[in-house]
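Notes follow once the structure below has been shown.
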Amino acid sequence: MTYLFLTILCTSALFILFRLYSNLKIDIFQSIVWNYVTCSVTGVIHQYNSLTETHYIKHMDTVVAASLLGSCFLPSFFLIGTSTHRAGLTPTTMANKLSMVIPACFALITGMAVFSWMQVIAFLLGIVAVYLVTQKNAGSISTNVTASNRYLPWLVFISAGLLDLAILYVNGHIAHPESIGLFSLHTFTAAASWGTLTLLILLLFKKSSFQSKAILSGIALGIPNYFSVYYLLKTLNYFQHDGSFVFPMLNLSIILFTALISYLFFKEKFTAKLILGLALASTSILLLYLIKA
C-alpha cells in the first residue's frame, strides 16, 4: 500500500499546484512544457545508475513503448484544455475522472483482475461519487455549447481512459519490474521533446510570449509528476496489474484528499452534494480496501 499512498500524494500535489497557479496568472502550457523537461531531468538523476548500454539493449522494447506513449501526453493535455474552454469545466472534469472505467473494465474482461460483486458495487459507488463531486463546479458550465463541442468531453473520456489503459498494458505485457525507471523516464522525455518543439514554434511565430515564472512553476510540477508515474507503475506491479482496483482507488482517494486540502487551505465550501459524493467515495475506497485486505 506504500506505493499507492505515494502515488496518491504525488498526483494530488499536481492538482493542488494547479489550484495555486490559477491565481498567479501563469501560462499553463509553458508550465506544462517545463514540467515535462523537469520530469526528464529528475528521471535521469533518479535512474542514473541504471542508464547503461546493457540495460538499454535489454529493455529497448520498453523504451520504444514508453516513447510512443509519451508522445500522446501533449495532445491529451490540449484536448482537456480545449474541452474545458468550449464545453465547460464540470463535464470535462467528470469525463476525465470517469475514464477509470476503461482500464478497470479491461482488467476484468481480460482476466487481469478477479471479478467480485463487492468490487462492482464499489465501482458503481465511485462513479456516482465522481458525478456528485464534480457538480460543485456546475456554475462553470458553458451555456452556449455548440453541438460539435458537446462531443469534446467524450473525447476526453476516451483519450484519458486509453492513456491509463496503455500504461496498464505496457506495464503488464512489455515492461519488466527492473525497467520501470526507463519507462517513466522515456515517457516524459518524449512528452518534453514534443512540448518543447511546440513551444518554440509558438514563440517563433509570436503566438505566445515567453514567461520566466512558468519555468519555476514547471519545476515545482515536474518533480511530483515524475514520481506520480513512477510510483503508479510500482503500484500496478505490486497489485499484479489489477487496474480494476488501482485506478478507482487512486482517483477516488485523490478526490478525497484534494477536497480536504481545498477545504482547509482554500476555504472552499462543502455543499450537500459534495459531502454525499465524498461519503460515497469513502465507502467505495473502504470496499476496495476490504477486497484486498
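Where a number appears in this text, it was derived from the coordinates with a stated rule and is not lab data. All of these numbers come straight from a predicted model, not from anything done at the bench. Every residue, glycine among them, receives a Cβ derived from its backbone with ideal geometry; neighbour counts consider all protein chains shown.
Some notes on this structure:
- With helices as the sole contributors, the chain gives -26000 deg cm²/dmol at 222 nm; each DSSP H run of n ≥ 4 counts as -39500 (n - 2.57), and the sum is divided by every residue.
- Remark: the range 1-137 carries a charge dipole of roughly 420 debye about the Cα centre, counting +1 on each Lys and Arg Cβ and -1 on each Asp and Glu Cβ.
- Placing unit charges on each Cβ (+1 for Lys and Arg, -1 for Asp and Glu) gives the chain a dipole about its Cα centre, and among Met118, Phe227, Ser209 the Cα reaching farthest toward its positive end belongs to Ser209.
- Unit charges on C-beta of K, R, D, E only; dipole of the range 207-274, Debye: 300
- Under 25 Å from the Cα of Lys58 - lysines, other chains or at least 8 residues apart: Lys234
- For the peptides 32-38, 281-287, the ranking by mean Cβ contacts within 10 Å, running from highest to lowest, is 32-38, 281-287.
- Calculated over the range 97-252: convex hull of Cα atoms, volume per residue (Å³): 163
- For the chain, averaging the sequence separation of C-alpha pairs within contact (under 8 Å, six or more residues apart) and dividing by the residue count gives a relative contact order of 42 percent.
- Once both labels are positioned 7 Å from their Cα atoms along Cα-to-Cβ, the gap between Val114 and Lys273 label points is 3.9 nm.
- Dividing the radius of gyration of the alpha carbons in the range 230-293 by their Kirkwood radius gives 1.06 for Rg/Rh.
- q = 0.18, 0.28 Å⁻¹, the range 59-120: log10 I(q)/I(0) [Debye, one scatterer per Cα]: -0.87, -1.05
- Total charge dipole magnitude, the chain, about the Cα centre, Cβ charges on Lys, Arg, Asp, Glu only, Debye to nearest 20: 920
- Across the chain, the longest run free of exposed loop sites, meaning trypsin sites (Lys or Arg not before Pro) lying outside DSSP classes H, G, I, E and B with no more than 16 other Cβ atoms within 10 Å, spans 26-205.
- The Cα atoms of the chain define a convex hull whose projected area, averaged across directions, is 16.0 nm².
- Neighbourhood charge, 15 Å Cβ-Cβ cut-off, centred on Thr198 and excluding it, Lys, Arg +1 and Asp, Glu -1: +1
- Filtered chymotrypsin sites (Phe, Trp or Tyr not before Pro), the range 94-135: DSSP coil and at most 16 other beta carbons within 10 Å: Phe115
- Under the span-like rule (Cα at least 18 Å along the axis, Kyte-Doolittle mean at least 1.0), DSSP H helices of the chain: 2-21, 28-46, 117-134, 152-173, 180-204, 243-265, 272-292
- Based on every Cα atom in the range 1-71, Rg and the maximum pairwise Cα distance Dmax equal 15.8, 47 Å.
- Dipole-positive endmost among Pro75, Val37, Pro153 within the chain (Cβ charges, Cα centre): Pro153
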